[in-house]
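Below you'll find the structure, written out as structure tokens, and then a few comments.
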Amino acid sequence: FLFSESIPMQTLHCYPDYNSLTTCTWMECSEAHQFLNMTLKFNHSHGKNKEMTCAFHKGENHAKCQNFTMHWVCQSHLRASNIERYKFKPDLNLQAELNVYLFQNVQPLPPQNLEVQNSSGDFFLTWTAAEGSQWLGNALEYEVTYKREWESWEKDALRLLSNTTRCHLSHLMMGSRYVARVRARAQQAKGFSGPFSEWSTDVSWETPEGQEPIQPRNLRCLFNGVNLTCSWEVKKVITTSVIFGLFFRATPASAEEECSPVYEKTFPHIPYVVQSCAIPVSNISSQSRYHVSVRTKTEEKLIEAHKNIKVLPPTNLTVTMNKDGEYELRWIKHTHREQCYELEYWKTSQMETVTRKSINDDPYHLLRNLEPSTSYTIKMRAKVREYEGLWSEWSEEFTWKTDSGTVQFVFP
């Protein structure tokens, strides 16, 4: 909206001394003063439109000014009357004029009462002309646009219709929420001209889910003179299990190629993702015809078996005291290949304090520095020694209790 008063008028204050001096102060933006000089004038009983003598200094900032303000101080040495009328006059005459022919400058009001009707699976949009546009009668034409809710209006479907307030909404994607709007224009053929109205308020509706929602859909390709860019949609949850690729042939005799890279856009609360890929085009001809196909890619992974050997964990762990009074851990391995092992053991009552050891012994190992009369728990895992193998799962735990001369076995 426009200001009700200019900054000079908003900031104007005048102070007569009721003798022979009147002082007025006002401000203007420094950037405005570069283009326009303002003169302060007033009506006086001794004569109309007297000018005041003014001087300025740099003033404080004003919210509406980009740079600093110019703070003006003006004085008049005429005795003030009870009421003085002040005004500002620019040094330039600023104006614009136009002769307007009504029927050549018509902009109707936006259409109203938009509704979407479903008739045997077909969707139709209906509307009415705005009440203020009734005088145009049947001289209105309408532009209808609709899109899926998450798409931009730049990718909408557009229809221009005359002599109707009904539009068949075609090429709809199943399982989608759409939004539509309409605007009106007076027809040139009826002797009018002018721009379209503003857009109507939006109306939205949903299409039912299709029979095969997991198939790639809405495959479209556009050529911009450099690339043939194709986009398609796939169910978001499906993309967690399979990868889609775009394959193409430049001519029927060409070998099929794969387009790369594939980009993906996701949208919140939308069960589909939009994937796209740009195919470079080198030979341009009006007869060029590309065959494109979107399908799942066959994924492969090369695994070197000798680098991924994972043996079974050791079994039948036992701990016994030998004739030298040492505790001897024994186990059974499940392959003849040489193995290395990792042990973890702890006081059964203090599981948070674990001792871990790596050993190459086979098929037994001596456990030293154990406290007497203490319950211990142990487990171990294995991997092959000569290859880049993986650790096996941990074995079952074995629990025993040390003693001064005998061993008590406590099975889990």
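The values are calculated or read from the model by the stated rules, or taken from the named source; none is laboratory data. In this text the structure is predicted, and so the values were computed from the model without any measurement. Don't worry about glycine lacking a Cβ; one is built from the backbone with ideal geometry, like all the others, and counts go over all protein chains shown. For the accessible areas, the whole protein counts, side chains as well, though only heavy atoms, and no ligand, DNA or RNA atoms are used. Shrake-Rupley method; radii C 1.70, N 1.55, O 1.52, S 1.80 Å.
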Expected vector for the stretch 90-104, Karplus 3J(HN,Hα) from phi with 6.51, -1.76, 1.60 and θ = phi - 60°, integer Hz, x for Gly and Pro, equals x, 7, 10, 8, 9, 6, 9, 10, 7, 8, 10, 9, 3, 6, 9
Restricting to DSSP loop positions (anything but H, G, I, E, B) with no more than 14 other Cβ atoms inside 10 Å of their own Cβ, which chymotrypsin sites (Phe, Trp or Tyr not before Pro) remain in the stretch 86-188?
Tyr101
Ratio to report: Rg/Rh of the stretch 306-402, with Cα atoms as the point set and Rh obtained by the Kirkwood method; give two decimals.
0.99
Counting only protein heavy atoms and a 1.4 Å probe, tell me what percentage of the chain's accessible area is made up of carbon and sulfur.
50 percent
Once Glu342 and Ser282 are pulled to full extension, the length gained, defined as 0.36 nm per residue separation minus their Cα-Cα distance, is 15.5 nm
The distance between the Cα centres of the stretch 96-160 and the stretch 51-70, in whole Å, is 49 Å
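Please report, in whole Å³, the volume per residue of the convex hull around the C-alpha atoms of the stretch 7-90.
85 Å³
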Residues with amide H under 5 Å of Arg385's amide H, sequence separation 5 or more or different chain, H placed in the peptide plane at 1.01 Å from N; which?
Glu338, Gln339, Cys340
Rounded to whole angstrom, the alpha-carbon centroid of the stretch 227-288 lies from that of the stretch 344-390 at a distance of 55 Å
So I have [x] 24.2; [y] 22.9; [z] 32.9, and one of them is Kirkwood radius over Cα pairs in Å calculated from this model. Which one is it?
[z]
As a test question: what accessible area, to the nearest 10 Å², does Trp346 have when a 1.4 Å probe is rolled over all protein chains in place?
10 Å²
In nanometres, the difference between 0.36 nm per residue of separation and the alpha-carbon distance of Ser241 and Thr128 is 35.8 nm
Proximal aspartates and glutamates to Lys401, defined as alpha-carbon separation beneath 20 angstrom and excluding residues fewer than eight positions away on the same chain:
Asp324, Glu326, Glu328, Glu344, Glu352, Glu371
In whole Å, what are the Cα extents of the stretch 147-227 along the three principal axes, biggest one first?
52, 37, 19
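Please calculate how many Å² of accessible area the chain carries per residue, with a 1.4 Å probe and no DNA, RNA or ligand atoms counted.
Ligands and nucleic acids excluded, the figure is 65 Å² per residue.
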Just how much of Val237 is accessible, in Å², when a 1.4 Å probe is used and the result is rounded to the nearest 10?
100 Å²
Exposure rank, largest accessible area first [Ser293, Ser204; 1.4 Å]:
Ser204, Ser293
Return the lysines within reach of Lys383: Cα separation strictly under 25 angstrom, same-chain partners fewer than 8 residues apart disregarded; answer none if there are no such residues.
Lys301, Lys307, Lys310, Lys333, Lys357
Among Val354, Val311, Val73, which one shows the highest mean-square fluctuation when the chain is modelled as a Gaussian network with alpha-carbon springs under 10 Å?
Val73
Are there GluC sites (Glu not before Pro) in the stretch 316-359 that DSSP puts in a loop and that have at most 12 other Cβ atoms within 10 Å, and which ones?
Glu326, Glu338, Glu352
Looking only at Glu151, Glu388, Glu141, which one moves most when the chain is put into a Gaussian network model with springs between Cα atoms under 10 Å?
Glu388
